[in-house]
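Asker: Please see the structure below; I have some questions.
The values are calculated or read from the model by the stated rules, or taken from the named source; none is laboratory data. Fair warning: this is a prediction, and the values are worked out from it, not measured in the lab. Cβ coordinates were reconstructed from backbone atoms using ideal geometry, including for glycine residues, and neighbour counts include every protein chain displayed. Just the protein is used for accessible areas: all its heavy atoms, side chains included, with ligands, DNA and RNA removed. Shrake-Rupley method; radii C 1.70, N 1.55, O 1.52, S 1.80 Å.
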Amino acid sequence: MWRELAAKEWRSAVVVKPLLCSASRGVIRADDEAGFVAAWRRLHALLQTPALRAVEDPDGHRVIVESFVPGAEVALEGILRDGLLTPLALFDKPDPLDGPFFEETIYVTPSRHAPTVQRAVEREAAKACAAIGLRHGPSTPSCAWVPTGRW
């Protein structure tokens, strides 16, 4: 599969993410075809480790490839009840997260962003949860504020 993706014309950087890991473990930025192939191979090796192979999750060894979004990042802690997202806390991630790896370092709350930005994060996080069918339980979506001022 990585050969098909690597063969496509590169327009911008991508981020390769394993579904099985959390706290940004295994998330790698690739700026070009060679970087993508290296990231894919590194993730394949990570997913073959005994600890991760032991996880019995049918989708656990899948990988997501997304466009890299530069900008300030935040994380929203919330609870979903009947599809309604109730925000609990909004965290700023003050350290730049430009890759090639995305180590979780520090979260700061309360957020320093303007209330209008905070409400926009809450609205977009609720839309994202609804879009993928989440209805109940905890949710911690992360968002990046891009230079155009859009999430």
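Asker: So how far apart, in nm, are the two label points at residue 105 and residue 66 if each is 7 Å from Cα heading toward Cβ?
Answerer: 2.0
Asker: Obtain the nm distance between the two label points defined at residue 11 and residue 44 by a simple spin-label model: each point lies 7 Å from its Cα along the Cα-to-C-beta direction.
Answerer: Computed distance between label sites residue 11 and residue 44 equals 2.7 nm.
Asker: Right, another one. How would 93, 17, 127 rank on accessible area, largest to smallest, probe 1.4 Å?
Answerer: My answer, sorted largest first, is 127, 17, 93.
Asker: Given a 1.4 Å probe and the protein chains all in place, what does the accessible area of residue 80 round to, in Å² to the nearest 10?
Answerer: Spelled out: residue 80, probe radius 1.4 Å, area about 10 Å².
Asker: For the pair residue 98 and residue 114, how long in nm is the line joining their label points, each one 7 Å along Cα→Cβ?
Answerer: In this crude spin-label approximation the distance works out to 2.5 nm.
Asker: If each residue of separation counts as 0.36 nm, what is the full-extension length gain between residue 142 and residue 51 once their alpha-carbon separation is subtracted?
Answerer: Extra length available between residue 142 and residue 51 comes to 30.2 nm.
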